[in-house]
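The values are calculated or read from the model by the stated rules, or taken from the named source; none is laboratory data. Quick caveat: nothing in here was measured; it's all calculated off a predicted structure. These accessible areas exclude ligands, DNA and RNA; they are computed on the full protein's heavy atoms, side chains included. Shrake-Rupley method; radii C 1.70, N 1.55, O 1.52, S 1.80 Å.
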Amino acid sequence: MQRLLQLDPRVLRLILVAVPAMVLLVGWGKVLRPAWQAHQAAATLHASTREAVADLPARRAQADALAGEITNLENRLDAPATAPTRLPILLESLATAQGIELQPVFPGRNAEFEGLVETRYEIEASGTYPRLAAWLAEVDRHITNAGIIEARFTRQAHTEAVLLRVRLAVYRRPAKPAGEQP
């Protein structure tokens, strides 16, 4: 202690100010700052969790709406057993309603496409252009699981008749294996 009192008063003041300042800086950097950052991270996590919990009913309602939309879209797909017979009958009834003549409809090859079975049809119909266009619109409206790939109109020489060649792709669920329940 005697040696401390013999030190120059400036050195003594420096020690009295510098040592507590260094202790405070080291304490801040090693103890207080990490604790403060952990507290800020916990507060941010708490706020985001509260927001997520508050948003949960809206997200659940959105999920229910999406599930309903999925069910609606699934119901639009033809069942594997009825698809090959239903489409030609529907096309023929739409053609009859529009007053056009439809050639017999036969399905093409089936192909897998993004988890669905795609069947392409080559269809030929004849009639007047306005009736054929109306028939195509009805096909598009009534067969929601189909896409018109190509439609080619050819005017017949010296008549008002127009020949329409349509390439149509119809999508449906694949058939379940024999052991699986639907």
Practice task
Report in % the part of the accessible area of the chain that belongs to carbon and sulfur, leaving out ligands and nucleic acids; probe 1.4 Å.
Solution key: 61 percent
Practice task
Mind pulling the angle between the C-alpha long axis of helix 129-142 and the longest principal axis of the chain? Nearest 10 degrees, somewhere in 0 to 90.
Solution key: 50 degrees
Practice task
With log10 I(q)/I(0) by the Debye sum over Cα atoms at q = 0.10, 0.12, 0.19 Å⁻¹ in mind, check (1) -0.57, -0.69, -1.15; (2) -0.66, -0.78, -1.21; (3) -0.46, -0.67, -1.55 and report the label derived from this structure.
Solution key: (2)
Problem - Rounded accessible area per residue of the chain, 1.4 Å, Å² - result: 74 Å²
Exercise for the section: Starting at the first residue of the range 107-115, write each ³J(HN,Hα) from the Karplus equation 6.51 cos²θ - 1.76 cosθ + 1.60 with θ = phi - 60°, in whole Hz, x for Gly and Pro. Expected result: x, x, 6, 8, 9, 6, 8, 6, x
Handout entry: Surface accessible to a 1.4 Å probe, T96 within the full protein complex, Å²
Key = 100 Å²
